[in-house]
Amino acid sequence: MSFYFFLNERLLGTCYFRKIYQPRFEVDISDMNLICGMSNKLQFICMYPRINILKIISFTEFFFHERPTDDYHGKVSTRCHVYFNKDDYETYACEIYLKGFLITKIEIDMPKNNRLFLRELKYRKRRKYQETCCICFDERSDIINVHENHYHHFVCADCILNIDKCPICRENLV
């Protein structure tokens, strides 16, 4: 998943994150040094943050009445569009956190896909193996045994969110 940041119509940076299914999506960008001016236009685009979301787009204008000090902590509340496919989108809350002129963090209220969220919580607690995923054939260290103890059907943490049945024995996943 990739984020693109435009500040005052200039591309200022790109950052990449793994897909994390949490009700509130937090992006820590303090190390990117996105420094604002007195009057600002911030736009960010996130492509494919989840398997059921095509993109997230936000455009926000904000300004400072007076020059903030370096120890100033502020927040800009705005909205963002979450696109589920080419034409279908919904609007969700978004907050941009500032420290002085520096943008430090962006938080987005994400649509709740309870099945995926609960599945991620369940599999996050399971033991991880250094194996090969039977779907994408990547050898990784976050491979999960789909059936916990009684079979050895290994799937990576990304692929497990895309399936409803075990790819080997076709047993339903809970």
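The values are calculated or read from the model by the stated rules, or taken from the named source; none is laboratory data. Since we're looking at a predicted model, the values are computed, not measured. Note that we place each Cβ from the backbone using ideal geometry, even for glycine, and neighbour counts take in every protein chain shown.
Of the residues Asn8, Asn52, only one is of a type outside the set (Asp, Glu), at pLDDT below 90 and at positive phi; which?
Within the list Asn8, Asn52, the selection yields Asn8.
Can you tell me which residue is surrounded by the fewest Cβ atoms within 10 Å (Cβ to Cβ) among those in segment 26-79 that are farther than 20 Å from Leu12 by Cβ and hydrophobic (A, V, I, L, M, F, W, C)?
Ile51
I want to confirm something. Restricting to segment 92-113 and keeping residues that are more than 17 Å from the chain's Cα centre (by Cα) and outside any loop (DSSP other than H, G, I, E, B), which single residue is farthest from Phe3 (Cα to Cα)?
Going through segment 92-113, the residues more than 17 Å from the chain's Cα centre (by Cα) turn out to be 98-103.
Narrowing the set further to residues that are outside any loop (DSSP other than H, G, I, E, B) leaves 98-99, 102-103.
On the way: Leu98: 18, Lys99: 20, Leu102: 17, Ile103: 14 Å.
Per the criteria, the residue is Lys99.
Give the residue that is farthest from Glu61 (Cα to Cα), with candidates limited to residues of segment 11-26 that are at pLDDT 75 or above and of a type in the set (A, V, I, L, M, F, W, C).
Once the filter is applied, the top-ranked residue is Phe25.
Let's see how each residue does on (1) among the acidic types (Asp, Glu); (2) in a strand (DSSP E or B); (3) more than 30 Å from Ile160 (Cα to Cα):
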residue: Ile45; (1), (2), (3): no, yes, no
residue: Pro49; (1), (2), (3): no, yes, no
residue: Leu54; (1), (2), (3): no, yes, no
residue: Glu61; (1), (2), (3): yes, yes, yes
residue: Glu90; (1), (2), (3): yes, yes, no
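Go through (1) out of contact with any His (no Cβ under 7 Å at 6 or more places or on another chain); (2) at pLDDT 80 or above for Asn145 and report which single condition fails.
Asn145 satisfies all of (1) out of contact with any His (no Cβ under 7 Å at 6 or more places or on another chain); (2) at pLDDT 80 or above except (1).
Which residue pairs have Cβ atoms closer than 9 Å, lie 6 or more positions apart in sequence or on different chains, and pair a first residue in segment 161-174 that is assigned to a loop (DSSP other than H, G, I, E, B) with a second residue that is polar (S, T, N, Q)?
Asp164/Asn172; Cys166/Asn172
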